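As structure tokens, the structure follows; a few thoughts come after it.
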Amino acid sequence: MECPYAAICGGCRYRNLSQDAYQELKETEFKRQLSGLMDSPKEYGRPIFIEDGRRRRASLAFARKKGQFILGFNVHHSKEIVDIEACALLTPQLNQVLLPIKNLLNTLFTEPQSPLKGRAGKKKTQKSPILGGDIWLTQADNGIDMVIETPAEFSLPQREAISDFLQQEHNIIRISHRDGPNSAAETLLEKTQPKITMGGVDVYIPAGTFLQASKSAETAMINLVQSYIGEDSGLIADLFCGVGTFSYPLSRRKENKILAVDSNAEALKAFAHTVNKNEISNIKILEKNLFKYPLDKEELKGFDIIIFDPPRAGAKAQIKEIANMDNANKPRKIIGISCNPTSFVADANVLIKSGYKLQTVTMVDQFTYSQHTELTSLFIRNDK
């Protein structure tokens, strides 16, 4: 799909290529990134390419420019914002709310022109102290979740303006505010709690939580994980579990017992709420920082399968603990999901050194036309 912003926006570096040329380049680059593996995978799975118009999450920057607020994405390697009307990557529902959100920003942060006394009795106008921030959008199954990220405290008139906006915009079901990306989000108004379906379960998500960028990619990765597990079952560790993307579908097999571990308290709170509400008895949730305090070899003893899906930095500390396990106690299968092939190679080499065979790797291209690539992988314990 053509995009008028592709030449300047930092998100779609390869949009100028034909589909065939783009896919060939992405596959070649993916295999180059994995060239540092100590042992090549036994097979590469068929790459999965996600189409335009499927991205359900977006972070857009806003800023004051010539008295009005613009909303869009940053120019490549720049703080300059490209003001957009629509993005070819986003779902139609997200694109529909961009202009109304821009209008809301101008209502919220452009104060009335109130006269103030200046020098020599001259009048001057009062300006809003808010110069910019970010808008985080997530399309849930029942509507759009919106987080306004800016260092501001909303006044009563501003909250009333947000209320009016929420009533008019039927696609948006919750609006929250936070000071920065590491701050907890305060729900300002909520029509109904945003939810997504995972493994046949309605999962209620906290504001600004991490989800896979597209529903299509999430479904593809869940299917790949289930295919890797096959007919195997038993005790499964879901590490860096988030809101439970992989735990829910795996819990449908009652012979599975799942330990889901993450450090994000808000995500785990929502996870636990859903587990309790649906009376899912074979998922146990543990809050733990796996970067600082990974599960040690004693805690890992008895697991048949380990799934790890870390942030871009990888799972160095946790992988080291798995590698240090006695061979007889190591899980027979390890499934790795990664959004950074470079850190994946480092983690994979540790597992390979410790006696695992990298059976298969599949590229999941959900960050379409960008340099970024997701992957899923399967390691099998080498008992020979």
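A 18 angstrom limit on the alpha carbon distance is what I want to check against. Which of 31/353; 191/277; 292/320; 292/353 exceed it?
Details: 31/353 20 Å; 191/277 20 Å; 292/320 12 Å; 292/353 23 Å.
Going by Cα-Cα distance, 31/353; 191/277; 292/353 fall outside the 18 Å limit.
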Computed magnitude of the charge dipole of the chain (debye, nearest 20; Cβ of K, R +1, Cβ of D, E -1): 940 debye
Just report the Cα centroid separation between the stretch 8-77 and the stretch 336-384, whole Å. 19 Å
For residue 96 and residue 29, what is the calculated FRET efficiency with R₀ set at 30 Å and r taken between the beta-carbons, to the nearest 0.05? 0.35
If I model a spin label at residue 68 and residue 281 as a point 7 Å from the Cα along the Cα→Cβ vector, what separation in nanometres do I get? 6.1 nm
Using alpha-carbon coordinates, inclination of helix 341-353 to the longest axis of the chain, degrees: 20 degrees
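Highest mean first, how do 55-65, 152-162 rank when packing is the count of other Cβ atoms within 10 Å averaged over residues? List each step's numbers first, then the result.
On the way: 55-65: 19.5, 152-162: 13.5.
Answer by packing, highest mean first, reads 55-65, 152-162.
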Of 7, 244, 379, which is farthest along the charge dipole of the chain in the positive direction, counting Lys and Arg as +1 and Asp and Glu as -1 at C-beta? 7
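For a quick protection proxy, order the peptides 303-314, 19-30 by their average other-Cβ count within 10 Å, most packed first.
Per-residue Cβ counts within 10 Å, averaged per peptide and sorted highest first, yield 303-314, 19-30.
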Roughly speaking, what % of Cα-Cα pairs in the chain are separated by over 41 Å, rounded to a whole number? 20 percent
Using θ = phi - 60° and the Karplus relation 6.51 cos²θ - 1.76 cosθ + 1.60, list the HN-Hα couplings for the stretch 222-230 in order, rounded to whole Hz, with x at every Gly or Pro. 4, 4, 5, 4, 5, 5, 5, 6, x
May I ask you to derive the relative contact order of the stretch 182-291, considering only C-alpha pairs under 8 Å and at least 6 residues apart, and to give it as an integer percent? 25 percent
With the radius of gyration and the Kirkwood radius both derived from the Cα set of the stretch 342-384, what is their ratio Rg to Rh? 1.09
Please report, in debye to the nearest 20, how large the charge dipole of the stretch 307-384 is about its Cα centre when each Lys and Arg carries +1 at its beta carbon and each Asp and Glu carries -1 there. 320 debye
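Per DSSP H run of n ≥ 4, the term is -39500 (n - 2.57); total these for the chain, divide by its residue number, and report the mean residue ellipticity at 222 nm rounded to 500 deg cm²/dmol. Walk me through the numbers on the way to the answer.
Numbers: 10 runs with 103 residues, N = 384.
Value at 222 nm, helices only, nearest 500: -8000 deg cm²/dmol.
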Which one, 30, 216, 359, projects farthest toward the positive side of the charge dipole computed for the chain from Cβ point charges (K/R +1, D/E -1)? 30
For the stretch 272-312, what is the convex hull volume of its Cα atoms per residue in Å³? 112 Å³
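Every read-out reported here was derived from the displayed coordinates using simple, explicitly stated rules and does not represent laboratory data. Predicted, not measured: the structure shown is a model, and the values here were computed from it. Virtual Cβ from ideal backbone geometry, glycine too; neighbours counted across all protein chains shown.
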